[in-house]
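The block underneath contains the structure these notes are about, expressed in structure tokens.
The values are calculated or read from the model by the stated rules, or taken from the named source; none is laboratory data. It should be emphasised that the depicted structure is a prediction, and the values quoted were computed from it without experimental measurement. A quick note on method: Cβ atoms are made from the backbone with ideal geometry, for glycine too, and the neighbour counts reach across all protein chains shown. Protein only, heavy atoms only, side chains kept; ligands, DNA and RNA dropped before computing areas. Shrake-Rupley method; radii C 1.70, N 1.55, O 1.52, S 1.80 Å.
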Amino acid sequence: TTNHLHVDWVGVNQPLFIPVNSTQAVSVTAPKIAAKPGYGERLDWEYIYWIFDIGNCAVIQDLATGKRFSVKRMGGSNHADCEPLTSADTQIMKDIFGSWGWKYRPVLVEVDGRVLAGSMAGMPHDIDTIANNNFNGHFDLHFLNSRQHNTNAVNPEHQANVDKAAGY
């Protein structure tokens, strides 16, 4: 429970916490950032990693259209790699983007009672783990100070979307 693992594997660069002893454990507590009404918390990736941990599910709401769909985080150490849960969720995501491509959109991510400011990409790519969701691969979901896998750099366009989703 200390590491909030929902799967039986550990991701690359995933920090792990070792309990001090059987009665005392180290915990990671993300600060509660007051969000502007109608927007999400602008919370750093180092905390998002623990709130929206691998194997956890969330509801994404597109900031512009208000359309909502469910996703599962299947991996990612620099940002969240996610998949729509069902083919109906995939269709909603495709309706939001119009067509698949490397376009980014500001989003609200509802997970474990929190609403977080994020930015999603609209391109299925690489590995997928959910069968029958009509989504061949996964998509990238970025948060404050998350980075791209290929360059390990913060993407300014994603960061601008995170700010927009936070109401800035």
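Which of the aspartates and glutamates could a cross-linker bridge to Lys103, judged by Cα under 19 Å and excluding same-chain residues fewer than eight apart?
Asp62, Asp81, Glu83, Asp89, Asp95, Asp126, Asp140, Glu157, Asp163
At 1.4 Å probe size, with no ligands or nucleic acids counted, give the accessible surface of Thr86 in Å², nearest ten.
Its heavy atoms expose roughly 60 Å² to the probe.
Suppose R0 equals 45 Å; then what is the FRET efficiency for Asn145 and Ser99 from their Cβ-Cβ distance, rounded to the nearest 0.05?
Working from the Cβ atoms, E equals 0.95.
What length, rounded to one decimal in nm, is gained on full extension from Asn132 through to Ala153, with 0.36 nm per residue of separation minus their alpha-carbon distance?
Value of the extension gain: 4.3 nm.
Give me the net charge of Arg68's neighbourhood, meaning all other residues with Cβ under 10 Å from the Cβ of Arg68; Lys, Arg count +1, Asp, Glu -1.
-2
Order the following by accessible area, largest value first: Ser99, Ser146. Probe radius 1.4 Å; ligands, DNA and RNA are ignored.
Result of the area sort, largest leading: Ser99, Ser146.
If I model a spin label as a point 7 Å beyond the Cα along the Cα-Cβ vector, how far apart are those points for Ser70 and Gln91 in nm?
1.6
Which shape class applies to region 33-168: rounded if a/c is under 1.5, otherwise prolate when a/b exceeds b/c and oblate if not, where a ≥ b ≥ c are the square roots of the Cα gyration tensor eigenvalues?
Note, shape of region 33-168 comes out rounded.
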